[in-house]
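The values are calculated or read from the model by the stated rules, or taken from the named source; none is laboratory data. A quick note: this is a predicted structure, and the numbers were derived from the prediction, not measured. Methodologically, a virtual Cβ is constructed for each residue, glycine included, from the backbone with ideal geometry; neighbour enumeration extends over all protein chains shown. Ligands, DNA and RNA are excluded from the accessible area calculation, which covers all protein heavy atoms including side chains. Shrake-Rupley method; radii C 1.70, N 1.55, O 1.52, S 1.80 Å.
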Amino acid sequence: MNNPKLALRDLNVLWHPCTQMKDHETFPIIPIKKGQGVWLEDFDGNRYLDAISSWWVNLFGHANPYINAALKDQLDTLEHVIFAGFSHESAIKLAEKLVEVAPEGLVRCFYADNGSAAVEVAIKMSFHYWRNLNQSTGQPQKTKFITLENSYHGETLGALAVGNVPLYKETYALLLMDVITVPGPDCYCREAGESWADYSARRFELMENTLKDHADTVCAVIVEPLVQCAGNMRMYDPVYLKMLRKACDKYNVHLIADEIAVGFGRTGTLFACEQAAITPDFMCLSKGLTGGYLPLSAVLTTDKIYQAFYDDYQKLTAFLHSHSYTGNALACRAALATLDIFQQQDIIASNKTLAMMMRKMAARFQDHPHVAEVRQTGMIVAIELVKNKHTKEPYAWQERRGLRVYQYALSKGVLLRPLGNVIYFMPPYVINEAELTLMFEVAWQGMQIAVKD
Ligand SMILES: *Cc1c(COP(=O)(O)O)cnc(C)c1O
């Protein structure tokens, strides 16, 4: 047993996220002593390969020497300062840098301190923009948001409302604002022989029709570009984003790109939107932003949006949203160091090589009798386990087959954390070929156990 004393103390006082705590009567919690690169180490010296980047946040490994050094320097200079009326160098540099690398036209940066908060900010800004505009133009009132089926945007009430994963949402339904939900472009559902691009384009018709019918009352469409990560790593083609950008312009509706999970190189480009060559009206960033070190998020937006808030105080058009830790100096410095590494080491190029290796290693899963699909976008590979390969009939969720993979992998020193019956890999970008091989081999063995009886 893994340091039973510490584990016991944990279970005495802690309440862990996204966890039925009763599960820990059977599965021990694992206190981690230290991390190094892609490896985590517990108090008994067991090591775990962090194949999911500690919930998709870690990009360049644990205890990264470059980020550590930057943080130590920041710590001795300024840890935090109120961000209204005051500013600091790391926040300014980071905003300049983000504006420089983001899709053209995103020129303003608003900080918050986690992904859900960034989504709240984008939703409120979009809604508020139309109100500010209405003061002068008397346009019809826009109050609604359009979201995609199977989407995920966080857990606070606004973010939960624009998300669509029933497991997280249904319990709180009575607390949530009404949204318009449109069937998505998820290519898992395409016809045999149909290409991702054809299917995604065909599915856009549903969005186009919804926009046509509701644009007058809609503030924005919110999407996760290319990969619906929490929605079982379902993927779609960039053509959908291209069509969405055009339609949002045509119908005078904002486009919010939630790149919280897919940003910072995860899909093969620095931002997923680049693959569709589009600029959203709002881009939400978090997770990989600080390389997995500290909570920070940013909403990037256009000058057009910014100008709708910029006026004499008495007009009451200002965006009066704040978080105590807005623009935290340590977090901004970690983010700056993270962006440095992207530049200094041409990470986008080296990720292409890693992604290719992952494609080769994942190929063997395709023919397995209980695998319906192996899919990949850049540095994300997902394997969909099903009861029946031909009908795609899923396993009953109550069977928790993904959990068997999780437990088996842990016993072999790999941290995988399947979403339902989808095994996925989202490793830090510093993983090497041998570690990738181990990760896929352990998943392969775990899968054999998961599909038994
Ligand atoms: C994780 C995630 C969020 C929420 O971010 P938190 O920091 O966990 O609040 C929002 N959107 C997407 C796409 C995410 O993956």
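A quick yes/no check of all residues on (1) within 16 Å of the ligand (Cβ to nearest atom); (2) open to solvent by less than 70 Å² (accessible area, probe 1.4 Å); (3) assigned by TED's automatic domain parsing to the domain that holds Ala318; (4) not in a loop (DSSP other than H, G, I, E, B):
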{"site": "Ile82", "(1), (2), (3), (4)": "no, no, yes, no"}
{"site": "Ala95", "(1), (2), (3), (4)": "no, yes, yes, yes"}
{"site": "Val99", "(1), (2), (3), (4)": "no, yes, yes, yes"}
{"site": "His128", "(1), (2), (3), (4)": "no, yes, yes, yes"}
{"site": "Leu133", "(1), (2), (3), (4)": "no, yes, yes, yes"}
{"site": "Leu160", "(1), (2), (3), (4)": "yes, yes, yes, yes"}
{"site": "Tyr168", "(1), (2), (3), (4)": "yes, yes, yes, yes"}
{"site": "Ala173", "(1), (2), (3), (4)": "no, yes, yes, yes"}
{"site": "Met177", "(1), (2), (3), (4)": "no, no, yes, no"}
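Could you look through segment 294-317, keep only residues that are away from the ligand (no atom under 16 Å from the Cβ) and open to solvent by less than 40 Å² (accessible area, probe 1.4 Å), and pick out the one that is nearest to Phe110 (Cα to Cα)?
Taking the candidates together, the pick is Thr301.
Go through segment 215-258 residue by residue and tally those that are within 15 Å of the ligand (Cβ to nearest atom) and assigned to a loop (DSSP other than H, G, I, E, B).
Of the residues in that region, 9 qualify.
Please work out which one of (1) at pLDDT 95 or above; (2) open to solvent by 10 Å² or more (accessible area, probe 1.4 Å); (3) of a type outside the set (Ser, Thr, Tyr) is the condition Ile146 fails and give its number.
(2)
Give me a count of the residues in segment 101-116 that are surrounded by 24 or more Cβ atoms within 10 Å (Cβ to Cβ) and near the ligand (Cβ under 10 Å from one of its atoms).
2
From the residues in segment 148-158 that are under 17 Å from Pro225 (Cβ atoms) and either assigned to a strand (DSSP E or B) or free of Cβ contacts under 8 Å to residues at least 40 places away in the same chain (or both), which one is nearest to the ligand (Cβ to nearest atom)?
Applying the filter and picking the extreme gives Leu148.
Within segment 393-407, can you find the residues that are basic (Lys, Arg) and touching a helix residue (DSSP H, G or I) at 6+ places or on another chain (Cβ under 8 Å)?
Arg401, Arg404
Scanning segment 318-327 for residues that are small (Gly, Ala, Ser) and open to solvent by 60 Å² or more (accessible area, probe 1.4 Å), which turns out nearest to Gly61 (Cα to Cα)?
Ranking the candidates gives Ser324 first.
When the residues of segment 394-420 are filtered to those that are in a loop (DSSP other than H, G, I, E, B) and touching a residue at least 60 places away in the same chain (Cβ under 8 Å), which remaining residue is most open to solvent (accessible area, probe 1.4 Å)?
Step by step, filter segment 394-420, then rank; the result is Arg417.
Taking only segment 269-282 into account, find how many residues are away from the ligand (no atom under 12 Å from the Cβ) and either touching a Ser or Thr at 6+ places or on another chain (Cβ under 7 Å) or open to solvent by less than 10 Å² (accessible area, probe 1.4 Å) (or both).
Total satisfying the criteria: 7.
Within segment 200-237, can you find the residues that are free of Cβ contacts under 8 Å to residues at least 60 places away in the same chain and either open to solvent by less than 30 Å² (accessible area, probe 1.4 Å) or in the same structural domain as Trp55 (by TED's automatic domain parsing) (or both)?
Hits for segment 200-237 are Ser200, Phe204, Ala215, Pro225, Tyr236.
On the given criteria, is Lys124 within 16 Å of the ligand (Cβ to nearest atom), farther than 30 Å from Tyr188 by Cβ, charged (D, E, K, R) and modelled with pLDDT of 95 or more?
Spelling it out, Lys124 is indeed within 16 Å of the ligand (Cβ to nearest atom), farther than 30 Å from Tyr188 by Cβ, charged (D, E, K, R) and modelled with pLDDT of 95 or more.
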